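The values are calculated or read from the model by the stated rules, or taken from the named source; none is laboratory data. Since the model is a prediction, treat every value here as computed from it, not as a measurement. No Cβ is skipped: glycine too gets one built from the backbone with ideal geometry, and neighbour counts run over all protein chains shown.
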Amino acid sequence: MASNSSVKKVSPFILMMIVIAFILSLSALYVAADSLVNQSEALDGYSFLVIGFGGLALSVYWLLQTRRTPVRASLELPRVITTLECPKCDFKSIRDFQREDYIFKKVGSCQKCNETMTITAVYREPEKKKN
Ligand SMILES: [Zn+2]
């Protein structure tokens, strides 16, 4: 047997379960309607009605669940970091990249000695390791 590596797709087994549940609920509804219309075994008719609607709700819920998972995966942009350095006291600070940041640009002032800071690096933040 080939190992199934396409995990992101809804597995055909689950899809089949949903379809079967859907068909079963439809037939339960059909039985319910039939017995209600014919006035025969009215109690059974109502319980079939409940089963039918319950099954329908459940299969729709499953379908929504299987649809929902893959969507939210890939919307994270990598962060870009700017490193500032004070030429006088070597104080370093790091902040998010802002527009028009470039290396050797003079920005702001040192938190320690008030000297003008220089951008020494602009880089993409290394990807976080998953826990
Ligand atoms: Zn400084």
Determine, yes or no, whether Asp96 is modelled with pLDDT under 95, among the acidic types (Asp, Glu), within 16 Å of the ligand (Cβ to nearest atom) and surrounded by fewer than 12 Cβ atoms within 10 Å (Cβ to Cβ). no
Pairing a residue in region 33-60 that is at pLDDT 80 or above with any residue that is acidic (Asp, Glu) and outside any helix (DSSP H, G or I), where Cβ atoms lie under 7 Å and the two sit 6 or more apart in sequence or on different chains, gives Ser35/Glu41
Would you say Thr82 is at pLDDT 95 or above, of a type outside the set (Asp, Glu) and within 16 Å of the ligand (Cβ to nearest atom)? no
